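One structure is given here, and the rest of the page talks about it.
The values are calculated or read from the model by the stated rules, or taken from the named source; none is laboratory data. Keep in mind the model is a prediction, meaning the values are calculated, not measured. Ideal geometry is used to build each Cβ from the backbone, glycine not excepted, and the neighbour counts take in all protein chains shown.
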Amino acid sequence: MSNEDKTIHNAGPDQPLAGRIALVAGATRGAGRAQAVELGRAGATVYVTGRTTRTRASEVGRTSETIEETAEFVTAAGGTGIAVPTDHLDEDQVRALARRIDREQGRLDVLGEETGPGSPPLRATASQRPAGCARSPHATTDCRAGRRTSAAARPAAPASP
């Protein structure tokens, strides 16, 4: 039994996403923060990204609502929150984020995107895409947060044959 199989089978009814790996881009505040916390409540490990950190304000001067706070809320809700400062307008930072998740987890099961207008869509390689997005050349084409993680914060569905 693979490591992925063991962790997912341990998921209980109160934490249906236990063992799942999620990324919520733009999770500093608002809808992104809410998505991240709900994924945590469902038991997921959630990588939260954004530009506002405890040590650096965003370029528009926001100093409240940091990604570290969001990660703490995810953990308090029952998941594991991991804050990763990321400017999604910087392709090198986005690539580094994808490499980190791949190195630390080996996969990505759920993708939520709330980066706002002006940010390019997140892209993932075949090995990084959630299973239900395996045929999409761009992860957000089929796995935008509202399609995969809204309300029930459910995992991506298995790819059809």
Item to check | Neighbours by Cβ (under 6 Å, 6+ apart or cross-chain): first from the range 18-39, on the phi > 0 side of the Ramachandran plot and touching a residue at least 60 places away in the same chain (Cβ under 8 Å); second assigned to a helix (DSSP H, G or I) and not aliphatic (A, V, I, L, M) | outcome: 26/32
Checklist outcome for this item: residue 58: passes all of (1) in a helix (DSSP H, G or I); (2) at pLDDT below 90 but (1)
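I need the full set of residues from the range 1-42 which are aliphatic (A, V, I, L, M), surrounded by fewer than 20 Cβ atoms within 10 Å (Cβ to Cβ), assigned to a loop (DSSP other than H, G, I, E, B) and at pLDDT 90 or above, in order please.
Once the filter is applied, which keeps residues that are aliphatic (A, V, I, L, M), surrounded by fewer than 20 Cβ atoms within 10 Å (Cβ to Cβ), assigned to a loop (DSSP other than H, G, I, E, B) and at pLDDT 90 or above, the range 1-42 yields only 18.
Do we find that residue 106 is surrounded by fewer than 16 Cβ atoms within 10 Å (Cβ to Cβ), at pLDDT 55 or above and at positive phi in this structure? Give the derivation first.
On the way: surrounded by fewer than 16 Cβ atoms within 10 Å (Cβ to Cβ): yes; at pLDDT 55 or above: yes; at positive phi: yes.
When the stated conditions are applied, residue 106 passes them.
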Next on the checklist: Which of the numbered conditions does residue 64 fail, given that it passes all the others? Conditions: (1) surrounded by fewer than 16 Cβ atoms within 10 Å (Cβ to Cβ); (2) modelled with pLDDT of 95 or more.
Outcome noted: (2)
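Given 45, 80, 70, which one is more than 14 Å from residue 113 (Cα to Cα), surrounded by fewer than 17 Cβ atoms within 10 Å (Cβ to Cβ) and modelled with pLDDT of 95 or more? Walk me through how you get there before you give the answer.
Details: 45 fails: surrounded by fewer than 17 Cβ atoms within 10 Å (Cβ to Cβ); 70 fails: surrounded by fewer than 17 Cβ atoms within 10 Å (Cβ to Cβ).
Answer to the check: 80.
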Next on the checklist: For the range 83-97, which positions are assigned to a loop (DSSP other than H, G, I, E, B) and surrounded by fewer than 16 Cβ atoms within 10 Å (Cβ to Cβ)?
Outcome noted: 89, 90
